[in-house]
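Following: one structure in structure tokens, then a few remarks.
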Amino acid sequence: MTNTISELAESIRSIPDYPKPGIIFRDITTLLGNPRAFRRAVDELVQPYVGMKIDKIAGTEARGFILGGAVAHQLSAGFVPIRKKGKLPRDTVRIAYSLEYGVDEMEMHRDAVEPGEKVILVDDLIATGGTAVAATQLLRQMGAEVVSACFVIDLPDLGGRKKLEELGVDVRTLVEFAGH
């Protein structure tokens, strides 16, 4: 397992001072472009849920779509895109959430999940937790049971994992990076 984690961490590009000075951006496009690393990341995200009845995988825009689609395929589950406001064509439910620099909104189709369905939330990274907490609240608002939230990267110094766990969500991450 340690080898896998090390290999995954090495496949993630770190970009200093992006999007602003003092921030180190953790870029998974290099992981996605590496077939072995991409496969290993998906396998590691899927592994704890093999054999469980998972109805849907929810992925947040945009890297959560890539990872979530692969996880949904492996678990034979449906996929629910959670998108930025105004991007979905039918009747939606929406939630506002706080960002470092203001407020944003995300939405999903009103009929994307049925009450009682077991859902796993997937994204590339958990930082402050704003997006993941809002997505969890949105899914729960529609009656879904959020079984877990899975991320390739955790930035534990920013506290997002703790916020999700305080909501009773099991959190699974593969790689941790100190700082932000």
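The values are calculated or read from the model by the stated rules, or taken from the named source; none is laboratory data. All values reported here derive from a predicted model rather than from experimental measurement. Virtual Cβ from ideal backbone geometry, glycine too; neighbours counted across all protein chains shown. These area figures cover heavy atoms from the full protein model, side chains too; ligands, DNA and RNA do not enter into them. Shrake-Rupley method; radii C 1.70, N 1.55, O 1.52, S 1.80 Å.
Summary of computed values
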| read-out | value |
| --- | --- |
| Positions within segment 58-109 being of a type in the set (Val, Ile, Thr) and touching a Leu at 6+ places or on another chain (Cβ under 6 Å), in sequence order | Val71, Ile95 |
| Any hit, segment 41-55, residues being farther than 18 Å from Cys150 by Cα, more than 16 Å from the chain's Cα centre (by Cα) and among the acidic types (Asp, Glu) | no |
| Residues within segment 56-96 that are within 24 Å of Pro19 (Cα to Cα), open to solvent by less than 30 Å² (accessible area, probe 1.4 Å) and without any contact (Cβ under 8 Å) to a residue 60 or more places away in the chain, tallied | 1 |
| Inter-residue pairs, beta-carbon under 6 Å, first among the hydroxyl-bearing types (Ser, Thr, Tyr) and in segment 164-180, second in a strand (DSSP E or B) and at pLDDT 95 or above, 6+ apart | Thr173/Phe151; Thr173/Asp154 |
| Matching residues in segment 113-167 - criterion: being more than 18 Å from Tyr49 (Cα to Cα) and among the small types (Gly, Ala, Ser) | Ala127, Gly129, Gly130, Ala132, Ala134, Ala135, Gly143, Gly159, Gly160 |
| Residues being more than 8 Å from Gly129 (Cβ to Cβ), open to solvent by 50 Å² or more (accessible area, probe 1.4 Å) and either in a strand (DSSP E or B) or touching a strand residue (DSSP E or B) at 6+ places or on another chain (Cβ under 8 Å) (or both) - total across segment 155-166 | 2 |
| Residue match in segment 137-144 (condition: more than 10 Å from the chain's Cα centre (by Cα), within 25 Å of Leu31 (Cβ to Cβ) and open to solvent by less than 60 Å² (accessible area, probe 1.4 Å)) | no |
